[in-house]
1. Have a look at Q59, Q33, Q45 and point out the one that is open to solvent by 30 Å² or more (accessible area, probe 1.4 Å) and closer than 18 Å to R110 by Cβ.
2. Could you tell me whether the stretch 103-124 includes any residue that is more than 29 Å from C8 (Cβ to Cβ) and either buried (at least 17 other Cβ atoms within 10 Å of the Cβ) or modelled with pLDDT under 95 (or both)?
3. Before we move on, is N17 polar (S, T, N, Q) and open to solvent by 50 Å² or more (accessible area, probe 1.4 Å)?
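The values are calculated or read from the model by the stated rules, or taken from the named source; none is laboratory data. Just so it is clear, the structure is predicted and the values come from calculations on it, not from any experiment. When we count neighbours, we look across all protein chains shown, and the Cβ atoms used for this are built from the backbone with ideal geometry, even at glycine. Accessible surface areas use protein heavy atoms only, side chains included; no ligands, DNA or RNA. Shrake-Rupley method; radii C 1.70, N 1.55, O 1.52, S 1.80 Å.
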Amino acid sequence: MTKYRRACVPGGTYYFNACLADPASTLLVDQVQLLRHAVSLCQKQRPFAINAAVVLPAQVQMIWTLPPDDADYAARWRMIKSTFSRHLPVASVRGASMIRRGEKSIWQRRFQEHLIRDQDDYALHDHLIATAPLRAGLTRDGSDWPLCSAYKRRIRFAASRSMSVA
């Protein structure tokens, strides 16, 4: 079994990218309420703050800050992925190892994680999240994608400007 070297810092801030097994899938957008439910359920059982997030058709990117005494983000991702998958039908094509492990072939087995080192690193990864819909060819501006935290920031900013002008 492969032993991954991961930076586990209690209270750390991390960037994550989790992808579906089928990169052409639109499952995350189609089932965004189920994904939100899975994340919310996980947050209730194992608290963490979501600083930024984007849901694309076949991947989700997030920046989390963990509690000061906890660094177990892997358990949180396991819970989110399994809760989401549990409520979906089994994929039509699965390999023997997936069948043996009881996997539904919805998610890629692993996820990417990056420990945010400083404010510049945070700004870079926040920018990656804000521009992900643009890079994926979904919008002409990342802040136009409703499943992106940059979209919500734009709406709040526009509302605050219209209130101050009135």
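1. Values: Q33 fails: closer than 18 Å to R110 by Cβ; Q45 fails: closer than 18 Å to R110 by Cβ.
Checking each option against the conditions leaves just Q59.
2. Residues of the stretch 103-124 that are more than 29 Å from C8 (Cβ to Cβ), as a first pass: none.
No, the stretch 103-124 contains no residue that is more than 29 Å from C8 (Cβ to Cβ) and either buried (at least 17 other Cβ atoms within 10 Å of the Cβ) or modelled with pLDDT under 95 (or both).
3. Details: polar (S, T, N, Q): yes; open to solvent by 50 Å² or more (accessible area, probe 1.4 Å): no.
Against the criterion (polar (S, T, N, Q) and open to solvent by 50 Å² or more (accessible area, probe 1.4 Å)), N17 does not qualify.
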